[in-house]
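Below is one structure; the comments refer to it alone.
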Amino acid sequence: MFVSAIDTAACFTRPIHTIMRLSGETTVIPGAATLFFVNADGWALTCKHVASELVAAEQLATKRAAFNAERAELATGTASRQPLRALERKHGFTRGVTVEMHHRFINCVDGSFQLEIRLHPTLDVALLHFKHCKALRPTAFAVFAARGDELKQGKSLCRLGFPFPEFTNFAYDADADQIGWTTTGRAETPQFPIDGMVTRHLNGPDGIVGVELSTPGLRGQSGGPAFDSAGVVWGMQSATNHLDLNFDVDMPVRRNGQVRHVRDSAFLHVGHCVHVDVLTQFMRDNGVSFEQAS
């Protein structure tokens, strides 16, 4: 049903790769999110919570640079451990706190670029503007539904994004005590589609702001398009909600010939998507051009 539509959406949907590290640890934690391009001027849509992470990464880099500058002035050896701990507390780098976070935009542009971020004041929507780049990689762009009131219960949509990150081109540098990207390892991660049926509308103070789908959106799909079998975009994956089914199980079962006692509570995981009318109005408010289906 969505075979050709996924091919269409893949032309303008791109991953954001993330690596991060917690204070006191050397393990690199990979992650991903999604954006999709809306025009040839370099504008793309993603979630506000995704774009906020981009802003936070820049602020963290500035904070980390100040910490490193002060750390370089400390004496080396065992005697320096106490002042170092005090310096970590001063900058808020206590154990378990994120101390580094880096992002890469995959197959978005050629060469360097300047990124402009515009956040929706209340909803989980953001615009990214890739400026001053040599060329855009996407050659096709999202086409949006013109009649948002036709997004009704029972309509099937597909979401495309990049959960389950498989890229491995990163490492921790013990000498520099920092993480970074490498020229070795896998640089790509596979796209992953998931379909679902519209179950309910999501209301805000001024009307409908989103739709609920019968299947969950997956981590890494946030900011990806929700589209129909023709590839027309009706929304954007934003969050997942967990509905208590009140089907609690407390019973013995037999597994491989052995009796085991199972206790379990069932939940229905449903996806939340930003409504197409919210997306198109936000683009209009920011003077961003886009195409609608006829």
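When Val143 is evaluated against the numbered criteria (1) surrounded by 16 or more Cβ atoms within 10 Å (Cβ to Cβ); (2) at pLDDT 95 or above; (3) more than 26 Å from Leu218 (Cα to Cα), which criterion, by number, is the only one it fails? Val143 satisfies all of (1) surrounded by 16 or more Cβ atoms within 10 Å (Cβ to Cβ); (2) at pLDDT 95 or above; (3) more than 26 Å from Leu218 (Cα to Cα) except (3).
Please verify whether the range 117-137 includes one or more residues that are β-branched (Val, Ile, Thr) and over 22 Å from Phe282 (Cα atoms). No, there is no match, as no residue in the range 117-137 is β-branched (Val, Ile, Thr) and over 22 Å from Phe282 (Cα atoms). Looking only at residues of the range 206-233 that are surrounded by fewer than 19 Cβ atoms within 10 Å (Cβ to Cβ) and touching a helix residue (DSSP H, G or I) at 6+ places or on another chain (Cβ under 9 Å), we find that the one that is farthest from Gly161 (Cα to Cα) is Gly207.
Restricting attention to the range 181-199, and to residues there that are in contact with a strand residue (DSSP E or B) (Cβ under 8 Å, 6 or more places away or on another chain) and exposed (fewer than 13 other Cβ atoms within 10 Å of the Cβ), which single residue is farthest from Thr18 (Cα to Cα)? Checked the range 181-199; the qualifying residue farthest from Thr18 (Cα to Cα) is Gly185. The set of residues in the range 4-38 being of a type in the set (D, E, K, R) and either touching an Asp or Glu at 6+ places or on another chain (Cβ under 6 Å) or over 20 Å from Ser289 (Cα atoms) (or both) consists of Asp7, Arg21, Glu25.
When the test is whether a residue is aromatic (Phe, Trp, Tyr) and within 19 Å of Gln191 (Cβ to Cβ), Phe113 does not pass it. Residues in the range 117-127 include at least one that is in contact (Cβ under 8 Å) with a residue 40 or more places away in the chain, more than 21 Å from Arg104 (Cβ to Cβ), within 23 Å of the chain's Cα centre (by Cα) and buried (at least 20 other Cβ atoms within 10 Å of the Cβ).
For the range 188-211, give me each residue that is β-branched (Val, Ile, Thr) and in a strand (DSSP E or B). Those that are β-branched (Val, Ile, Thr) and in a strand (DSSP E or B): Ile194, Val198, Thr199, Ile208, Val209, Val211.
Collect the residues in the range 24-52 that are surrounded by fewer than 19 Cβ atoms within 10 Å (Cβ to Cβ), of a type outside the set (S, T, N, Q) and within 24 Å of Cys133 (Cα to Cα), keeping them in residue-number order.
First, pick out the residues of the range 24-52 that are surrounded by fewer than 19 Cβ atoms within 10 Å (Cβ to Cβ): 24-31, 39-41, 49, 52.
From what's left, of a type outside the set (S, T, N, Q): 24-25, 28-31, 40-41, 49.
Correct list: Ala40, Asp41.
One line per residue, one yes/no per condition, for (1) under 16 Å from Val97 (Cα atoms); (2) among the polar types (S, T, N, Q); (3) at pLDDT 95 or above; (4) not in a helix (DSSP H, G or I):
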| residue | (1), (2), (3), (4) |
| --- | --- |
| Pro15 | no, no, yes, yes |
| Thr34 | no, yes, yes, yes |
| Asp41 | no, no, yes, yes |
| Leu45 | no, no, yes, yes |
| His49 | no, no, yes, no |
| Thr62 | yes, yes, no, no |
| Ala69 | no, no, no, no |
| Ala79 | no, no, no, no |
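The set of residues in the range 154-187 that are closer than 30 Å to Arg200 by Cα, of a type in the set (D, E, K, R) and part of a strand (DSSP E or B) contains only Arg159. Among the numbered conditions (1) touching a Lys or Arg at 6+ places or on another chain (Cβ under 7 Å); (2) buried (at least 20 other Cβ atoms within 10 Å of the Cβ), the only one that Phe162 does not meet is (1). When the range 104-122 is filtered for residues that are in contact with a Phe, Trp or Tyr (Cβ under 8 Å, 6 or more places away or on another chain) and under 19 Å from Val276 (Cβ atoms), only His120 remains. No other residue among Thr182, Thr215 is β-branched (Val, Ile, Thr), more than 26 Å from Cys108 (Cβ to Cβ) and modelled with pLDDT of 95 or more apart from Thr215.
The values are calculated or read from the model by the stated rules, or taken from the named source; none is laboratory data. Note that the structure is a prediction, hence the values are computed from the model and not measured. Virtual Cβ from ideal backbone geometry, glycine too; neighbours counted across all protein chains shown.
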